[in-house]
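In what follows, a single structure is set out as structure tokens and then discussed.
The values are calculated or read from the model by the stated rules, or taken from the named source; none is laboratory data. Since the structure is predicted, the reported quantities are computational estimates derived from the model, not experimental observations. Here Cβ is always computed from backbone atoms with ideal geometry, including for glycine, and neighbour counts include all displayed protein chains.
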Amino acid sequence: MLHSAMPAVPPVSSHRTAVLGSAARAATEYLDSIAERRVAPSPEALEALAPLCGPLPSGPTDPEEILGLLHTAGSPATVANACGRYFGFVNGGCVPAALGAAWLVSAWDQNAAFRVQSPVATTLEEAALEWVRELLGLPASCGGAVVTGATMANFTALAAARHALLERAGWDVENDGLFCAPPLTVVVGDEVHSSLLKALGMLGLGRNRVVRVPVDNQGRMRADALPHLDDRTILCIQAGNVNTGAFDPAAAICPAARMAGAWVHVDGAFGLWAAASPQYRNLTHGFEMADSWATDAHKWPNIGYDCGIALVRDPATLRASMSIAAPYLLQGELREPSNYNPEMSRRARGVELWAGMRSLGRTGIAGIVERTSSQARRFAAGLRAAGFRILNEVVINQVLVSFGAPEKTLAVVRRLQDEGTCWCGSTVWQGHTAMRISVSSWVTTEADVDCSLAAMTAAVEESS
């Protein structure tokens, strides 16, 4: 109960309620109609964004007018990631509980930096991290952080690796920097994801100062081609190649790396979630032997943007690389998020992670992995039956298809994107130009797959 001395609720409350009601109606209308629209926005929709730009108004604008502008001009100019026919960039949808939690998190307006600022954000983030750790079959000792995505998850985990290896060499990298520091070696597969290289660049370890290991015909790191590893080596392996979905042979790589004293880091933006599925768990065998892991919850678990997760076997190394202190920062005995995270002020995205995971449960998360992987096989079978070449072994949710010469394949992709039934991107993989299909959303149905297959076939014919 409010203390009697508290002031009355200001009149602005009713206006705020009206604005939230308008937002709810616009969001509901958007989602209810998204299945009927083209996936990519039309040229006309993009042109209609012009009124949203220009000089900042000299005075205030009514919030409901702002929402009207956003919905009228903004909604048609979105890419329909929330529908079931978006197959680009391994973008998942957003399950209803996570979406609702995101609205509530915005209303709460919590800063998830320290426990004293938001006990609820801290508590639910810790609970969600433990659920992720357990679901992925990782060591009970793990600590972690909820970040924006796989790039920051890789950055966070690799910062812990950098700390651990340089501390072992007698160097305090957080206080003394990298100037004159003992050198570290970073080993990656030849098809390392660009987000991991970006993280290495931000950490001062260098995008180009890496040793590349040859890969096989599916993009898997060859265990028989590993270079010399020692206690100043960070070995980065993949769970889920971004083109083929293939998994590096962790069970063959990790024991030798650990024996050499190397730090093993796993870039598992979407592939690590295969561990949640009894059907696909075998693909992740051996990855639990690593020292750190990076993954995304806005991919397969479909938590919504943005939500990445970094996990480290020894939380002390993560804390040492990320901790912060100042007289005004009130820290207690329990875990403080800012001591494990690159950011201080940040959105309470761990609440959305908690809500989405709790709503799905173990079987729901496994169901998304299994259903979308089955739909990927349906795409591959349909395209193969139509006479097109599938380039990869479809092990999970990724399909690569060639329609012939590179120019032909690119023309088909452009035609498909322009037509609007579905959206797929192009890639170049091991010398082949291909269309890449990433099936990641809980919303996708077999009907979505079938109508997309029809659109793909038509795009081929129209591009001839």
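Of all residues assigned to the range 385-396, at least one qualifies as being within 30 Å of residue 444 (Cα to Cα), out of contact with any Ser or Thr (no Cβ under 8 Å at 6 or more places or on another chain), at pLDDT 95 or above and part of a helix (DSSP H, G or I). The residue of the range 100-120 that is surrounded by the fewest Cβ atoms within 10 Å (Cβ to Cβ), among those that are aliphatic (A, V, I, L, M) and under 22 Å from residue 342 (Cα atoms), is 116. Condition first: in a loop (DSSP other than H, G, I, E, B), at pLDDT 95 or above and within 27 Å of residue 149 (Cα to Cα). Can you find one or more residues in the range 46-69 that meet it? Scanning the range 46-69, I find no residue that is in a loop (DSSP other than H, G, I, E, B), at pLDDT 95 or above and within 27 Å of residue 149 (Cα to Cα), so the answer is no. Among the residues of the range 330-337, is any closer than 20 Å to residue 131 by Cα, in a helix (DSSP H, G or I) and either of a type outside the set (D, E, K, R) or touching a His at 6+ places or on another chain (Cβ under 6 Å) (or both)? So far as the range 330-337 goes, yes, one or more of its residues are closer than 20 Å to residue 131 by Cα, in a helix (DSSP H, G or I) and either of a type outside the set (D, E, K, R) or touching a His at 6+ places or on another chain (Cβ under 6 Å) (or both).
The residues in the range 373-388 that are within 29 Å of the chain's Cα centre (by Cα) and either more than 28 Å from residue 302 (Cβ to Cβ) or of a type in the set (Phe, Trp, Tyr) (or both) can be counted, and the count is 1. For the range 399-416, give me each residue that is out of contact with any strand residue (DSSP E or B) (no Cβ under 6 Å at 6 or more places or on another chain) and either aromatic (Phe, Trp, Tyr) or closer than 27 Å to residue 369 by Cβ (or both). 403, 416 - these are the residues of the range 399-416 that are out of contact with any strand residue (DSSP E or B) (no Cβ under 6 Å at 6 or more places or on another chain) and either aromatic (Phe, Trp, Tyr) or closer than 27 Å to residue 369 by Cβ (or both). For the range 163-185, the set of residues classified as within 15 Å of residue 201 (Cα to Cα) and in contact with a helix residue (DSSP H, G or I) (Cβ under 6 Å, 6 or more places away or on another chain) consists of 184 only. Pairs meeting the criteria (first residue in the range 14-43 and in a loop (DSSP other than H, G, I, E, B) and loosely packed, with under 15 Cβ neighbours inside 10 Å, second residue at pLDDT 95 or above and not charged (D, E, K, R), beta carbons under 9 Å, at least 6 apart or on different chains) are 42/76; 42/77; 42/420.
Could you pull out the residue among 229, 205 that is in contact with a helix residue (DSSP H, G or I) (Cβ under 6 Å, 6 or more places away or on another chain), more than 23 Å from residue 428 (Cα to Cα) and at pLDDT 95 or above? Unique residue meeting the criteria: 229.
Just so you know, in the range 95-151 the residues that are in contact with a Cys (Cβ under 9 Å, 6 or more places away or on another chain) and among the small types (Gly, Ala, Ser) include one that is nearest to residue 287 (Cα to Cα), and it is 149.
In the range 283-301, which residues are outside any helix (DSSP H, G or I), buried (at least 24 other Cβ atoms within 10 Å of the Cβ) and out of contact with any His (no Cβ under 9 Å at 6 or more places or on another chain)? Correct list: 295, 296, 297, 298, 299, 300, 301. Only one of (1) of a type outside the set (A, V, I, L, M); (2) touching a strand residue (DSSP E or B) at 6+ places or on another chain (Cβ under 7 Å); (3) buried (at least 24 other Cβ atoms within 10 Å of the Cβ) fails for residue 388. Which number is that? Here residue 388 meets the rest and fails (3). When the range 415-435 is filtered for residues that are in contact (Cβ under 8 Å) with a residue 24 or more places away in the chain and either surrounded by fewer than 22 Cβ atoms within 10 Å (Cβ to Cβ) or of a type in the set (Asp, Glu) (or both), the ones remaining, listed by number, are 415, 417, 418, 419, 420, 421, 425, 427, 429, 430, 432, 433.
Can you confirm whether residue 190 is out of contact with any helix residue (DSSP H, G or I) (no Cβ under 9 Å at 6 or more places or on another chain), acidic (Asp, Glu) and touching a residue at least 12 places away in the same chain (Cβ under 8 Å)?
On the way: out of contact with any helix residue (DSSP H, G or I) (no Cβ under 9 Å at 6 or more places or on another chain): yes; acidic (Asp, Glu): yes; touching a residue at least 12 places away in the same chain (Cβ under 8 Å): yes.
Against the criterion (out of contact with any helix residue (DSSP H, G or I) (no Cβ under 9 Å at 6 or more places or on another chain), acidic (Asp, Glu) and touching a residue at least 12 places away in the same chain (Cβ under 8 Å)), residue 190 qualifies.
Number of residues in the range 317-337 that are touching a residue at least 60 places away in the same chain (Cβ under 8 Å) and surrounded by fewer than 24 Cβ atoms within 10 Å (Cβ to Cβ): the value is 11.
Please tell me if residue 361 is on the phi > 0 side of the Ramachandran plot and either part of a helix (DSSP H, G or I) or surrounded by 24 or more Cβ atoms within 10 Å (Cβ to Cβ) (or both). The answer is yes for residue 361.
Filtering the range 136-165 to residues that are touching a Lys or Arg at 6+ places or on another chain (Cβ under 7 Å) and part of a loop (DSSP other than H, G, I, E, B) leaves 139, 141, 142. Residue count for the range 121-153 satisfying the condition of being among the charged types (D, E, K, R) and either touching a residue at least 40 places away in the same chain (Cβ under 8 Å) or surrounded by 15 or more Cβ atoms within 10 Å (Cβ to Cβ) (or both): 3. What residue, among those in the range 405-464 that are in contact with a helix residue (DSSP H, G or I) (Cβ under 7 Å, 6 or more places away or on another chain) and charged (D, E, K, R), is nearest to residue 383 (Cα to Cα)? The qualifying residue nearest to residue 383 (Cα to Cα) is 446.
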